[in-house]
Structures are given as structure tokens and as C-alpha cells.
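Peer 1: Sending over a structure as C-alpha cells; questions will come in a sec.
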Amino acid sequence: MRIGVTVFPGSNCDRDALYAVERAGATPVELWHADADLKGVDAVVVPGGFSYGDYLRPGAIARFAKVMGPLEDFARSGGPVLGVCNGFQVLLEAHLLPGALLRNASMRFVSRRVRARVEANDTPWTSLYERGEELTLPVAHNEGSYFADERTLRGLEEEGRVVLRYVENPNGSVNDIAGICDEGRSVVGLMPHPERVSDPALGSEAGLKVFESVLRFAGAKV
Amino acid sequence: MKVRVLVRPKSGILDPQGEAVRRALPALGFSGVKTVHIGRLVEMEVESADKVEGMCRRLLANPTVEEYEWEVIS
């Protein structure tokens, strides 16, 4: 199985994501922002960082990069796409996921480990976790406060589309939301960084199953 | 022509930046400030104003959480 990782100017978690993909047993494929196709990958990770310097709004410029055209087609046809941190912001700006990420309520950049609970394991990216399982995951962001209007929020809750919820909310996110999925459940956005806890050498491999899950989803051997 | 676009958080949207400034002003002796909302000012020189609305909607503002207005200033 081949998993692509997009690279924009200013991405800084792309190497970590490629490493996590490889460690999970898949073939990592770098997707440059100016690429016109997805090189035949089976899933895509949009990694964290500060794409285009976070100018205007995080993700606002990256959303119009060339690679986003085929990525949007892939996502809309049910292809598994994971956005982490800045990648989550990009997917929101691209309207592949609903809502927005606002400045942290504290006005401070938050970089620490937080506890979060897996609320949905019926997505390609979380299928190997138990529902209700608590994970300790790193967050590192300035705009991580999830917001959606009431109607959208009610829809997300009723359809079980909140994938990950903070046990301790680090940023003022509404309903303690740390991650959501789209209607088709294959596009997932997470504020915490699973790739940063994908090897015991990093202190934990609590996030590795995110990448192993998508392998299982694709029917490949883990 | 020159166009000026104002982008600001929709009312009811958490504006921690404005709130932080509101709380900082009294510390400098400026009392009586009830609310502060912080937005973004975009000034552009364009050949025509026809496409400004689309620019606002698609890129300059995020309509999910921001509202915008624009005017031709010269």
C-alpha cells in the first residue's frame, strides 16, 4: 500500500508523517504541492506545519496549491485523507470538512501532550482503536480552537462524526472537539499529532495505529 | 483603482485577540472600553472591481467565521 504525504512550503511534519507511514508498514510517497496528480497512492496525509507561513489564515493559501485539485477529487470519491494540525486547517479551508479552527482561547501557542478519547472507530484512520479509548497525544498549535455553527455541530454529534475529543481541552475548542470526519467518514482531521508518537524512541507509539488502521482499511497486511 | 476590504470575526465568534486587547487597555489607563474586535484590513490595486466579491468569498475571508465588506477608495 502506498500512502502519500503532501509537502507545501512551510510544512514541517512531513518527514515525521513519512516515517510513521513507513513504520506502519506502508510505502511512503512524497507529494509535492506543485504535483498535478497523486502518483497512484491509496491514501493521503496532509501534515502539520506552517504552510505558506500561515499567511492570511492557516491553510488558506495551501488550499489552492496545484496538488489540492486531485486531492479534493480523491477525497470526494471516498479516498482516505488525514489532515493533521495544519493539515486539518487545510482540509477545512478546502471545505472537505466543515467548520473552522480559531485562535486558541488562551492566545498562546500550546505545545504539550494532552489526553484525548477516541469517539469513533468506524473511520479508515481509527479502526484499530477501541471506542472510548484514551490516548495521550502531542498538540502544538496556535489556531486549534474548533468552531462550527450550531446546526453543523449538532449534525457532527448526531452522526457520530466527532472522531477524537479532548479529555482536557487545551484551546477552547467547542464540545472539546479534537478531530472530526466528513459525511463519508474517510476524510479525517485531527489537531493532535499521531505521527509524533509513532515510535517508542519518541516516548510513545500511541499514534501508530492511525497509520496501521488505514493499512487494514485498504486490505493490506499490517 | 484602489479597493479596501475589511474582514472581521462574525459576531458571537470567540475573538480572543480582541478580548486580550480589551483587557490590556485599562492597564494603560484607558478605561471605559466595552468591546474590542480585531479584524484584517486588505488594500488592493485592481483593474476592475468586478471580481472583488469573489476574492473576498474565496480567499480573503473565511465565511464560516468571518464577515467582510469592501469599498472602492479611489
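The values are calculated or read from the model by the stated rules, or taken from the named source; none is laboratory data. Source: prediction; values computed, not measured. Every residue, glycine among them, receives a Cβ derived from its backbone with ideal geometry; neighbour counts consider all protein chains shown. What goes into the accessible areas is simple: the full protein's heavy atoms, side chains included, and nothing from ligands, DNA or RNA. Shrake-Rupley method; radii C 1.70, N 1.55, O 1.52, S 1.80 Å.
Peer 1: I'm trying to understand the selection: among the residues of the stretch A:73-100, which are within 9 Å of chain B (Cβ to nearest Cβ), closer than 23 Å to A:GLY207 by Cβ and surrounded by 23 or more Cβ atoms within 10 Å (Cβ to Cβ)?
Peer 2: Hit for the stretch A:73-100 is A:LEU92, nothing else.
Peer 1: Quick one: which residue in A:SER186, A:SER173, A:SER127 is within 14 Å of another protein chain (Cβ to nearest Cβ) and either on the phi > 0 side of the Ramachandran plot or among the polar types (S, T, N, Q) (or both)?
Peer 2: Sole residue among the options that is within 14 Å of another protein chain (Cβ to nearest Cβ) and either on the phi > 0 side of the Ramachandran plot or among the polar types (S, T, N, Q) (or both): A:SER173.
Peer 1: Then there is this: In this structure, is A:LEU38 more than 14 Å from chain B (Cβ to nearest Cβ), in contact with a Phe, Trp or Tyr (Cβ under 9 Å, 6 or more places away or on another chain) and either among the hydrophobic types (A, V, I, L, M, F, W, C) or within 24 Å of A:SER145 (Cα to Cα) (or both)?
Peer 2: yes
Peer 1: Can you report the number of residues in the stretch A:46-72 which are closer than 18 Å to A:TRP32 by Cβ, within 14 Å of chain B (Cβ to nearest Cβ) and open to solvent by 40 Å² or more (accessible area, probe 1.4 Å)?
Peer 2: Selection size over the stretch A:46-72: 3.
Peer 1: Having 3 or more residues that are under 18 Å from A:GLU93 (Cα atoms), open to solvent by less than 60 Å² (accessible area, probe 1.4 Å) and touching a residue at least 40 places away in the same chain (Cβ under 8 Å) is the bar; report the strands (runs of 3 or more DSSP E) wholly within the stretch A:147-214 that clear it.
Peer 2: A:177-181, A:187-190
Peer 1: Only one residue in A:ALA120, A:ALA218 is at pLDDT below 95 and open to solvent by less than 70 Å² (accessible area, probe 1.4 Å), so which one is that?
Peer 2: Residue meeting the stated conditions: A:ALA218.
Peer 1: Of the residues B:ILE13, B:ILE38, only one is within 12 Å of another protein chain (Cβ to nearest Cβ) and closer than 19 Å to A:TYR55 by Cα; which?
Peer 2: Testing whether each residue is within 12 Å of another protein chain (Cβ to nearest Cβ) and closer than 19 Å to A:TYR55 by Cα leaves just B:ILE38.
Peer 1: Let me ask something additional. Pick from A:GLU205, A:GLU195: which is under 27 Å from A:SER77 (Cβ atoms) and modelled with pLDDT of 95 or more?
Peer 2: After applying the criteria, what remains is A:GLU195.
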